[in-house]
Amino acid sequence: MPPVPPPIVHSKQGRWTPDAPACAVAVGNFDGVHIGHAAIVRRLVETADRLGVPAVVLTFDPSPAAIVRPESAPVPLTTPRRRADLLLALGADAVCVQPADAALVAIEAEDFYREILRGRLRAQALVEGLDFRFGARRRGDIDLLRALCGGDGISLETVAPVQHDGESVSSSRLRRLIAAGEIRAAKGMLTAAYRLTGTVVEGARRGRTIGFPTANLGSVATLLPANGVYAARAAVAGRSDSWPAAVHVGPNVSFGATVTTVEAHLVGCAENLYGATLDVDFIGRLRDTRSFASIDDLKAQLARDVAQAVEIARGDDSPERTT
């Protein structure tokens, strides 16, 4: 088997280290960290508690699909850091983010099981969804994993897909909803608000000239919602305070722009945020992007957008789910 770099470990203090003698493991992309993933982590924690070992999640960066088929791989829903934070919040003791490259995706299923899961992580139990696939060409399935676990005398727990509104919850389903701007529909399947994270960069400063300054997000690595105006909450990464926000996604068509941007008007924020990392949590969609006949019409609509965004943000007290 080719050399595989060690994973980047995010863990709760003292709960797990790479030299631990045993753990229970769940493997997957866990993109978006939705309620189906929460069911897997819940079973993982139950299994780990029963065995008296830590609960560890193994995920990948980037997704193996981005290595195998880069031209058609889906845009991620979460950054590795966000994914790890959400999985830890669900109860995992540690999240191992495995760097993925051509060597990793070429590992045969049996070798991945023996060298990574049993050898490196020392898994004493595995918990997976019924549609779990692993190894080169996605050849490994839950039946092969069950046979491998049986040969070693370790347990394999399986979790059925979670249903929501009569359909299985999946990252693909969430991706379709978010790409269509259906933030409220997606919210019912997520364990936390859908978040864009980016660096505040200098924009055209048009908003400032009409009384609605915006923080322009650059280097956003995750899927953008459909063009439109959204209610959100925004916070500087690592800080606990936040602001209600009206967020415009798309080109500024009233000014003839054609490039898609993400611009957040942070209500009550007087700070200079240039260069800061900003987390923007989307709550709901307010309207489509459209052109206005005059600056006065635009300003009047922006005032309505901001008032509505503040009302929605202040009424949104839903915590991040832990079950």
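The values are calculated or read from the model by the stated rules, or taken from the named source; none is laboratory data. Source: prediction; values computed, not measured. When we count neighbours, we look across all protein chains shown, and the Cβ atoms used for this are built from the backbone with ideal geometry, even at glycine.
The sole residue among VAL306, VAL280 that is at pLDDT 95 or above and part of a helix (DSSP H, G or I) is VAL306.
Screening VAL262, VAL253, VAL267 for residues that are touching a His at 6+ places or on another chain (Cβ under 8 Å) and of a type in the set (A, V, I, L, M) leaves exactly one candidate, VAL262. Remark: pairs (first residue in the range 97-121, closer than 22 Å to ALA55 by Cα and in contact (Cβ under 8 Å) with a residue 60 or more places away in the chain; second residue charged (D, E, K, R) and surrounded by 15 or more Cβ atoms within 10 Å (Cβ to Cβ); Cβ separation under 7 Å; 6+ apart in sequence or on different chains) = VAL97/ASP61; PRO99/ASP61. Do you know which of the residues in the range 248-272 that are in a loop (DSSP other than H, G, I, E, B) and of a type in the set (Ser, Thr, Tyr) is farthest from ALA313 (Cα to Cα)? Filtering first and then ranking leaves THR258. When we screen ASP152, ASP143 for residues that are at pLDDT 95 or above and in contact with a helix residue (DSSP H, G or I) (Cβ under 7 Å, 6 or more places away or on another chain), the only hit is ASP152.
Here is a yes/no grid of residues against (1) of a type outside the set (S, T, N, Q); (2) touching a Pro at 6+ places or on another chain (Cβ under 8 Å); (3) not in a loop (DSSP other than H, G, I, E, B); (4) not assigned by TED's automatic domain parsing to the domain that holds ARG137:
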residue: MET1; (1), (2), (3), (4): yes, no, no, yes
residue: ARG15; (1), (2), (3), (4): yes, yes, no, no
residue: PRO21; (1), (2), (3), (4): yes, no, no, no
residue: ALA26; (1), (2), (3), (4): yes, no, yes, no
residue: GLY36; (1), (2), (3), (4): yes, yes, yes, no
residue: ILE40; (1), (2), (3), (4): yes, no, yes, no
residue: VAL53; (1), (2), (3), (4): yes, no, no, no
residue: VAL57; (1), (2), (3), (4): yes, no, yes, no
residue: PRO70; (1), (2), (3), (4): yes, no, no, no
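Here the condition is being at pLDDT 95 or above, in a loop (DSSP other than H, G, I, E, B) and of a type in the set (Gly, Ala, Ser); of ALA226, ALA245, it holds for ALA226 alone.
If you go through the range 67-90 one residue at a time, do you hit one that is of a type in the set (Gly, Ala, Ser) and more than 29 Å from GLY14 (Cα to Cα)? Yes, the range 67-90 contains a residue that is of a type in the set (Gly, Ala, Ser) and more than 29 Å from GLY14 (Cα to Cα).
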